[in-house]
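Notes follow once the structure below has been shown.
The values are calculated or read from the model by the stated rules, or taken from the named source; none is laboratory data. From a predicted model like this one, the values you see are computed outputs, not experimental measurements. Cβ: placed from backbone, ideal geometry, glycine included. Neighbour counts: every protein chain shown. For the accessible areas, the whole protein counts, side chains as well, though only heavy atoms, and no ligand, DNA or RNA atoms are used. Shrake-Rupley method; radii C 1.70, N 1.55, O 1.52, S 1.80 Å.
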Amino acid sequence: MKKIDVKIINKKAGELFYDKEHNTYAFNYTHPSKPISIIMPYRASSYIWKNKLHPIFDMNMPEGYLFEILKQYISKEYGYIDDFLSFSYLCANIQSRLNYESWCKSSEMESFKLEDILHNDTKDTFSKLIKVYLSKNAISGVQPKSLALLKDKESLSTKEYIIKTWGDEYDQLALNEYFCLKAIEKTGIKTVNIQLSKNNRFLVVERFNYDKNIDEFLGFEEILSLLGKNKEEKYSGSYERVARIIYSVVTNKLESMKSFYTVVVMNYLLKNGDAHLKNFGVLYTNDFKKIYFSPAYDVVNTTAYYYKDRPALTMFGKKMWFGKKELLKFGVQECYLSQCDADKVYTKCIDSLKNTIVEIEDYLQKNSDFKNIGSKMLDVFRFSLDEKTYKELPNELTQHWR
């Protein structure tokens, strides 16, 4: 039976098996070890998952655009495809606290210059990245994206980045996400490090699971994984449940809950209808002495593309664009904040939104290519300033978009 060796910072912890006849995945610790996942502490018996990969492995599986490309390649190469084969093909090139030794062949990866990628953001460049790094693309999400090893001439180091681009369906998605993440950054919490390419075709995102101070990869788990769920279940759940699971595992509870609450409020104000269970996570050191809310990532204004879009998860049992009253209630009741702290966070978020509106207005004066999406974003952001609750964006706001 084929297996994958699972290691923690290059030291073997256990083995992953797949019983194809019964469609069952089994992970066994081979000796006492630190946990491979917060929800999988060491035990002598097997961790069995029926029909699906264990969540700690599944969270690396590609979706959408990347999966379709990977599926075509693997099906042609091996004559079949399943999750175990896909993960076996990808896992040897994953850079994280967990690393793997697979029965599939791994290959040396060439690197590119960060400066070249930023200045040559063409379809040909992106196609080349996909081809070179196909066996490294253990990243989720449906939009066109690729992992890449890029050399930064300023730091004289090679790092792992995610290169995101967009097609006609999601016009100007890179710039959309750039403005949204910068809006969250203005509130004072940590966000991923991002750069826009010359022609705004690429959003270059630095991976945040490495701590250069200790020269070690950090553990990272999505909330989806901590709930024991797989990618097909990423829209099933509530923001209350996310708050509770974060509070139960982090070691810096007040700071992490303030950060999480900030991200939730900003997702509502920015009208990001895709803030699902894979878009929140925690980082931790190898000894688990520090577990904390991860930097904000994957935030876009989705209503610019689907004007009837609603929040990805429920709050108070509903998927509605809640306003100030309900969001403050959520901060106090579910994020364990004082009324004063919740008020301060909410005010920071509103101030950030106002500053972002001014930035986009200034940008549109010189960049007509962004007019369609940018104008829709402005309409929605100004709408959010009324601080009221709406089931969905009203027709009078969006009728001129159609």
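Could you rank the peptides 267-278, 224-235 by their average count of other C-beta atoms within 10 Å per residue, with the highest value first?
267-278, 224-235
Just from the alpha-carbon atoms, what are the Rg and Dmax of segment 255-323 in angstroms?
Expressed in Å, the Cα Rg and Dmax of segment 255-323 come to 13.6, 45.
Expected output is a single nm value to one decimal: the length gained when fully extending between HIS119 and ASP19, i.e. 0.36 nm times separation in residues minus the C-alpha distance. What is it? Don't jump to the answer; show the numbers that get you there.
On the way: separation 100, 0.36 × 100 = 36.00 nm, distance 4.71 nm.
Gain on extension, HIS119 to ASP19, equals 31.3 nm.
Please work out, to two decimal places, the log10 of the ratio I(q)/I(0) at q = 0.13, 0.20, 0.32 Å⁻¹ from a Debye calculation in which every Cα of segment 1-54 carries one identical scatterer.
-0.29, -0.68, -1.36
Quick one: P(r) of segment 333-388 from all Cα-Cα pairs, 5 Å bins, percents rounded to integers, in order of increasing distance.
Histogramming segment 333-388 at 5 Å steps yields 4, 18, 22, 17, 14, 10, 7, 5, 3 percent.
Compute the accessible area per residue over segment 1-89, keeping the other protein chains in place, probe 1.4 Å, unit Å².
Ligands and nucleic acids excluded, the result is 49 Å² per residue.
State to the nearest 20 debye the size of the charge dipole of segment 270-366 about its Cα centre, where the only charges are +1 on K and R beta carbons and -1 on D and E beta carbons.
With only Lys, Arg, Asp and Glu charged at Cβ, the dipole is about 300 debye.
Under a point-charge model restricted to the Cβ atoms of Lys and Arg (+1) and Asp and Glu (-1), what is the dipole moment magnitude of segment 58-107 relative to its Cα centre, in debye to the nearest 20? All intermediate terms of the calculation are to be shown ahead of the outcome.
Details: 4 positive and 7 negative charges, 38 e Å.
Roughly 180 debye for segment 58-107.
What is the log10 of I(q)/I(0) for segment 152-243, computed with the Debye formula using one identical point scatterer on each Cα and no solvent, at q = 0.10, 0.19 Å⁻¹?
Relative scattering, expressed as log10 I(q)/I(0), comes to -0.39, -1.21.
Going by Cα centres, segment 335-355 and segment 366-380 are how many Å apart?
Using only Cα atoms, the two centres lie 26 Å from each other.
If you take the charge dipole of the chain about its Cα centre, with +1 on Lys and Arg Cβ and -1 on Asp and Glu Cβ, which of SER127, LEU353, LEU203 is farthest toward its positive end?
Of the candidates, LEU353 comes out farthest on the positive side.
Would you calculate, for the chain, the mean residue ellipticity at 222 nm contributed by helices, counting each DSSP H stretch of 4 or more residues as -39,500 (n - 2.57) and dividing by all residues, to the nearest 500?
After summing the helix terms and dividing by residue count, I get -11000 deg cm²/dmol.
Can you pull the one-decimal nm distance between simple spin-label points at SER33 and GLU110, each 7 Å off the Cα toward Cβ?
Reported label-point gap for SER33 and GLU110 is 3.5 nm.
Taking every DSSP beta bridge with both residues inside the chain, roughly what % is antiparallel (nearest 5)? Provide the component values of the computation, followed by the final result.
Details: 47 of 51 bridges.
If I count the DSSP bridges inside the chain, around 90 percent turn out antiparallel.
Which pairs, out of LYS131/LYS319; LYS7/LYS151; LYS50/LYS113; LYS113/LYS186; LYS50/LYS258, put more than 31 Å between their alpha-carbon atoms?
LYS131/LYS319; LYS50/LYS113; LYS50/LYS258
In square angstrom, what is the accessible area per residue of segment 145-264 with a 1.4 angstrom probe? Don't skip to the answer; put the middle values down first.
Numbers: 5090 Å² over 120 residues.
Using a 1.4 Å probe on heavy atoms only, each residue of segment 145-264 averages 42 Å².
So how far, in whole Å, is the C-alpha centre of segment 168-193 from the one of segment 245-274?
Cα centroid to Cα centroid, the span is 16 Å.
The chain: D in µm²/s via Stokes-Einstein (Kirkwood Rh, Cα pairs, 4 °C, 1.567 mPa s)? Mind dumping the intermediate values first?
Values: Rh = 22.2 Å.
Value of D from the Cα-based Kirkwood radius: 58 µm²/s.
Of all accessible surface on the chain at a 1.4 Å probe, what whole percent is carbon and sulfur?
Carbon-and-sulfur percentage of accessible area, whole number: 49.
Quick one: what do you get for segment 1-101 if you divide its Cα Rg by 2.2 N^0.38 Å?
In units of the 2.2 N^0.38 Å rule of thumb, it is 1.07.
Between LYS71 and GLN339, what is 0.36 nm times their sequence separation minus the Cα-Cα distance? Round to one decimal in nm.
Numbers: separation 268, 0.36 × 268 = 96.48 nm, distance 5.00 nm.
So the chain would gain 91.5 nm between LYS71 and GLN339.
Which listed residue (GLN95, LEU66, GLY79) has the Cα farthest towards the positive end of the charge dipole for segment 54-106, taking +1 on Lys and Arg C-beta and -1 on Asp and Glu C-beta about the Cα centre?
GLN95
What shape does segment 207-353 take by its C-alpha gyration tensor, where a ≥ b ≥ c are the square roots of the eigenvalues and a/c under 1.5 counts as rounded, a/b above b/c as prolate, and the rest as oblate? Working shown, then result.
Numbers: a/c = 1.67, a/b = 1.35, b/c = 1.24.
Cα axes put segment 207-353 in the prolate bin.
First obtain the Kirkwood hydrodynamic radius of segment 37-78 from its Cα pairs, then insert it into the Stokes-Einstein equation at 25 °C and 0.890 mPa s, and state the resulting D in µm² per second as a whole number.
Roughly 193 µm²/s, to the nearest whole number.
Please list 180-192, 46-58 highest first by mean number of surrounding beta-carbon atoms within 10 Å per residue.
180-192, 46-58
State to the nearest 20 debye the size of the charge dipole of the chain about its Cα centre, where the only charges are +1 on K and R beta carbons and -1 on D and E beta carbons.
I would put it at about 600 debye.
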